[in-house]
1. Give the residue that is farthest from SER233 (Cα to Cα), with candidates limited to residues of segment 178-211 that are of a type in the set (Val, Ile, Thr) and modelled with pLDDT of 95 or more.
2. Does any residue of segment 9-22 turn out to be under 29 Å from ILE183 (Cβ atoms), out of contact with any Lys or Arg (no Cβ under 9 Å at 6 or more places or on another chain), without any contact (Cβ under 8 Å) to a residue 60 or more places away in the chain and of a type in the set (A, V, I, L, M, F, W, C)?
3. Residue by residue through segment 158-180, note down the ones that are under 17 Å from LEU105 (Cβ atoms) and surrounded by fewer than 16 Cβ atoms within 10 Å (Cβ to Cβ).
4. For the subset of segment 162-185 comprising residues that are farther than 24 Å from ALA116 by Cα and among the aliphatic types (A, V, I, L, M), which member is farthest from the ligand (Cβ to nearest atom)?
5. Take the residues of segment 212-242 that are within 15 Å of the ligand (Cβ to nearest atom) and touching a Ser or Thr at 6+ places or on another chain (Cβ under 6 Å): which is farthest from THR40 (Cα to Cα)?
6. Among the numbered criteria (1) at pLDDT 95 or above; (2) near the ligand (Cβ under 10 Å from one of its atoms); (3) closer than 18 Å to VAL178 by Cβ, which single criterion is violated by THR159?
7. Need pairs with beta-carbon distance below 8 Å; first residue within 15 Å of the ligand (Cβ to nearest atom) and within segment 72-98, second basic (Lys, Arg); sequence gap 6+ or separate chains.
8. May I ask you to verify whether ASN139 is crowded, with 16+ Cβ neighbours inside 10 Å and outside any loop (DSSP other than H, G, I, E, B)?
Amino acid sequence: MLELVEIIINDDHQVLASIVVDSIEAMVRQKPDSVLGVATGSTPIPIYQELARRVQAGLDLSRIRIFGLDEYVSLDETNEQSYAYFIRENIIEPCKINPANVRLLSGVAEDLRAEAASFEAAIKAAGGVDLQILGVGHNGHIAFNEPTSSLASRTRRITLTEKTIEANSRFYPSIEDVPHQAITQGIGTILEARHLVMLAYGEEKAYAVKEMIEGPVAAMMPASALQLHSHVSVLVDEGAASTLQKADYYKYEWDSKTEKVLD
Ligand code: GLP
């Protein structure tokens, strides 16, 4: 079971997905109307597949409530690149979630400020998010909170960095088609979830993972805000963990008699 703050390194993404789904299952058995925060991107897909398998095997998710993290401005739910489309295809339908229990951010709302405020109010009314799944961008963004986002930020419209546009262009016919703006939960909003579950795979995430865990807490590295939370599970593969200095964490022993580090 995922408890308190921990980092789990395993090269089998299926194993990591099962660990997360065990936690979700235990939570739902205890509280059938749990509030689950879902992330998009390729990293969490094995989690949703495993969750769908368990639903096929009898797990009942009909009462859980779902909140999205972010959405591109200007894409509606019928657009295959929208996060609403991804969430419906990968989570809502295969996991048999009641669409009435799902609140996603709309990128086509006429008034995005009002949309952000009503989204925040909906999370509050639901009693807060119980478990939030998160991924991380190469530059350390979480949801679409780009570097320099305030660590206390709330749900709002944001302009994406070149790096993010480039990274996400792999899903589009050309880079010109990637929207330049998004609406995203703020870092402050995300930190209010009771349990954060962060996943990162591959060497291309190693920089963000290292800074997130071992770097200073800084607005330039939004994922580092996770250091401020008391219940975080970070699940990474060897590639993403490859630049962590973890080997040094417990290398030295302190001799209280001499008040020196033992060799
Ligand atoms: C996007 C999303 C993030 C996601 C990130 C990583 O930018 N806004 O929420 O975590 O991509 O995606 P992937 O898991 O595909 O690397």
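The values are calculated or read from the model by the stated rules, or taken from the named source; none is laboratory data. Keep in mind the model is a prediction, meaning the values are calculated, not measured. Here Cβ is always computed from backbone atoms with ideal geometry, including for glycine, and neighbour counts include all displayed protein chains.
1. Applying the filter and picking the extreme gives ILE183.
2. Yes, the conditions are met somewhere in segment 9-22.
3. Result: THR159, HIS180.
4. ILE175
5. MET212
6. Evaluating THR159 over (1) at pLDDT 95 or above; (2) near the ligand (Cβ under 10 Å from one of its atoms); (3) closer than 18 Å to VAL178 by Cβ leaves (2) as the failure.
7. Every condition considered, the pairs that remain are VAL73/ARG157.
8. Numbers: crowded, with 16+ Cβ neighbours inside 10 Å: yes; outside any loop (DSSP other than H, G, I, E, B): no.
It is false that ASN139 is crowded, with 16+ Cβ neighbours inside 10 Å and outside any loop (DSSP other than H, G, I, E, B).
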